[in-house]
Every structure is written in C-alpha cells, then in structure tokens.
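S.K.: This is the structure I have questions about; it appears just below.
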Amino acid sequence: MSLTRTTREELADRCGVAFSRFLDLSSATPADIRVGDGAWSAADVATHVLTVFRRYNDRDLTSRQGLSSSVAGLHEQNDAELRALAAVSHGQVLEELRTEWGRFALQDMDMDGVYPFHCGGTIDGYGGWGNMLGELLIHGYDIAMAAGRPWPLDDRDAVLILNGVFQVAPGFVDPARTAGVVARVEFRVPGGDPQVLAIDHGRCGVEEARRAGVRPDVVIGGPAPGLLLSLYQRIGVLAAARRGVLIRGGRRPWLALRLTQWFPAF
C-alpha cells in the first residue's frame, strides 16, 4: 500500500456495497442506452465489468498471461472480450455478474503480495481490490450519467480506488508524449499520504512525497472523488475545480494542464 492503509474486510464491505449499487443500476437502465462517447451501450459496460471479474477469478494472478503489455493492447483486449460475449443476453450477464462477484469475494488473495498488472505494472492485494472497486464505481458512474441518474462517490471509496491507480500509473504513461518531459507532480488527497508522480523522458514512477526529497513542479490537491473522476477523464478541468480539485503550488504549476496528455488511458 502507498496512498492509504486499509484492510481486506473494509475493501470487501465496500466492494459489496458498490456491487449491489452497480447491479441495481444496470438492472434498471435500458440495455441499449449509449454511454460516454457512444462506443459502448449500458449492456456493454456491464459485460466489460463481468470480463474484469473473470480476469481476477480465472487467471493465475502471479502470471502475466492474460494481461496486456500496452495501453493499445488493453483496449484491444477489452473489445475482443466484449465480442466473445456478444451473443449473451443482458439478463444473463447480470446473473453471471452475481456468480463472479461471489467467486471474487472468496478470493484468497495475499493482500501484501505484489501481482503483475497490465502494461508491465504491478499491484498489491489492496490495490487489486481497489481496482475492482473502481471498475464498479467508475463504470457505474458512466451508466448513471448516460441515464441521467445520480451516482454519488464516497470520499473513502475514492481514496481506496486511487490507492490502486497510483500503483499502476507508471505503466500507463504515454512514452511518446513524455519523451522530452521531466516533471514531478505531487497529489495531496484528504485521507491519504501525499504521492509524487515523477516523469523522466518517457519513464514514470510513483513514491510517497515524504521520501521524494525534491520540490515538486506541480502540487494538485482536493477531494478524492473529484481527483478520481479527473484522472479517469470523466470530468474536465473546470468541473474538477468546482469539486475542489485545484493547483496548490509548485515550481511549474502550468504543467498540470498536460496531465491528460501524458496519461490518455485515464
């Protein structure tokens, strides 16, 4: 863990609540409603979440087999897995989701163990549960926005999701767009320890700010839900600012505006 301290029990409880919310929303939303940029329907989103559950439940979590080595490859994997389930009805997907959630909840994952992740990254057990919490709540947000329904994000849930995000972020940096970039961005999130994301000519690392020892170029701070939605590019800069996510300092604060270029997958 890096951003926050938690337990398996807390993560399981919060994932259980998030799963129930996601399932209720998916059940109540027309399956053919278009979500986000219109590429996926609400049914596609539910099917995608099902495939992510299966990645955790059916794979050897200690192996890179079944993971994508690049962001482009991950997008291709997502699309291929959707096509493979194209003939499965939305109702059946929802039933399968119940089954897979039950399997996931019984996973004997070593919470302190470090596991391979997409794009050459690694994630610990706490981050893995946080990643699944994010799948439920971020994709739930997508469906809710398309359906015109409220979808509040709890501060603590967002911190737990960000705990996983910061662990895997280095693998998602765009090496071409950051080839000439040297920058250190510090994130200050209430309920978590400040984290520094360091980019150096296409490479990226994340460490706790107290260990960084160098003044950051940008300091970004604000409530975890707003930061989470901003990093996932569900909201823009102005919407994030309205949620309290602001530039708080740094030597080159204008670099904050380039973050979405450096991490297009988010």
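S.K.: Output the peptides 9-17, 160-168 sorted from most to least packed, where packing is the average of other Cβ atoms within 10 Å over each peptide's residues.
M.R.: Taking the mean over residues of other Cβ atoms within 10 Å, the ranking is 160-168, 9-17.
S.K.: Which order do the peptides 66-72, 149-155, 119-125 take when ranked by the mean count of other beta-carbon atoms within 10 Å per residue, highest first?
M.R.: The most tightly packed comes first, giving 119-125, 66-72, 149-155.
S.K.: Something else about it: Pick out which of GLY221, GLY140, GLY36 has the largest mean-square fluctuation in a Gaussian network model of the chain, springs linking Cα atoms closer than 10 Å.
M.R.: Maximum among the listed residues: GLY36.
S.K.: Given a Förster radius of 30 Å and the C-beta distance between ARG251 and VAL114 as r, what FRET efficiency does 1/(1 + (r/R0)^6) yield to the nearest 0.05?
M.R.: With R0 = 30 Å, the Cβ-Cβ based efficiency is 0.35.
S.K.: While we're on this one: At SER20 and ARG34, where each label point lies 7 Å from the Cα along Cα→Cβ, what is the point-to-point distance in nanometres?
M.R.: 3.5
S.K.: Here's another thing I want to ask about it. Pick from ARG242, ARG64, ARG184: which residue has the top mean-square fluctuation in a GNM of the chain where Cα pairs under 10 Å get a spring?
M.R.: ARG242
S.K.: Which angle from 0 to 90°, rounded to the nearest 10, does the C-alpha axis of helix 90-105 make with the longest principal axis of the chain?
M.R.: On a 0 to 90 degree scale, this one is about 60.
S.K.: Return the whole-Å distance between the Cα centroid of the range 62-106 and the Cα centroid of the range 179-193.
M.R.: Taking the Cα centre of the range 179-193 as reference, the centre of the range 62-106 is 31 Å away.
S.K.: Right, here's the next one. Considering amide H positions built from the backbone, and no H for Pro or chain starts, which residues 5 or more places from ILE123, or on another chain, come under 5 Å of its amide H?
M.R.: When sequence neighbours closer than 5 places are left aside, the close amide H contacts are TYR115, PHE117.
S.K.: If you don't mind, another one. For TYR56, tell me the accessible area in Å² from a 1.4 Å probe, rounded to the nearest 10.
M.R.: The accessible area of TYR56 comes to roughly 30 Å².
S.K.: Please grab the % of Cα pairs in the range 153-266 that end up more than 23 Å from each other.
M.R.: Value for the range 153-266 (Cα pairs over 23 Å): 19 percent.
S.K.: Relative to the longest principal axis of the chain, what angle (0 to 90°, nearest 10) does the C-alpha long axis of helix 125-147 take?
M.R.: Roughly 70 degrees between the two axes.
S.K.: In nanometres, what is the gap between the two model label sites at THR99 and ASP60, each 7 Å from Cα along Cα-to-Cβ?
M.R.: Each label point is offset 7 Å from its Cα along the Cβ direction, giving 2.4 nm.
S.K.: Averaging sequence separations of C-alpha pairs under 8 Å and six or more residues apart, then dividing by the length of the chain, give the relative contact order as a whole percent.
M.R.: Reported as a whole number, the value is 19 percent.
S.K.: Here is a follow-up. Under a Cβ-Cβ cut-off of 14 Å, what is the net charge of the residues other than VAL159 that fall near it, where Lys and Arg count +1 and Asp and Glu count -1?
M.R.: Charge balance in the 14 Å sphere: -1.
S.K.: If you average the alpha carbon positions of the range 220-254 and of the range 111-150, how far apart do those two centres end up, in angstrom?
M.R.: The two parts, judged by their Cα centres, are 19 Å apart.
S.K.: On the protein heavy atoms, probe 1.4 angstrom, tell me the percent of accessible surface of the range 1-107 carried by carbon and sulfur.
M.R.: On the range 1-107, the fraction of accessible area on carbon and sulfur atoms equals 52 percent.
S.K.: Something else: Based on DSSP H runs of at least 4 residues, each adding -39500 (n - 2.57), what is the mean residue ellipticity at 222 nm of the chain after dividing by all its residues, to the nearest 500 deg cm²/dmol?
M.R.: -15000 deg cm²/dmol
S.K.: Okay, next question. Please give the per residue accessible area of the chain, computed with a probe of 1.4 Å over protein heavy atoms only, in Å².
M.R.: Ligands and nucleic acids excluded, the result is 45 Å² per residue.
S.K.: Relative contact order (percent) for the range 105-208, with alpha-carbon contacts under 8 angstrom and 6 or more residues of separation?
M.R.: For the range 105-208, the relative contact order is 22 percent.
S.K.: Given the whole protein assembly as supplied and a 1.4 Å probe, what does the accessible area of GLU81 come to in Å², nearest 10?
M.R.: 50
S.K.: So, one more: Subtract the Cα-Cα distance of ARG215 and GLU10 from 0.36 nm times their separation in residues, and report this length gain in nm to one decimal.
M.R.: Full-extension gain reported as 70.4 nm.
The values are calculated or read from the model by the stated rules, or taken from the named source; none is laboratory data. Values in this document were obtained by computation on a predicted structure and should not be read as measured data. Positions of Cβ are generated from backbone atoms using ideal geometry, with glycine treated the same way; all protein chains shown enter the neighbour counts. For accessibility, only protein heavy atoms count, side chains too; no ligands or nucleic acids. Shrake-Rupley method; radii C 1.70, N 1.55, O 1.52, S 1.80 Å.
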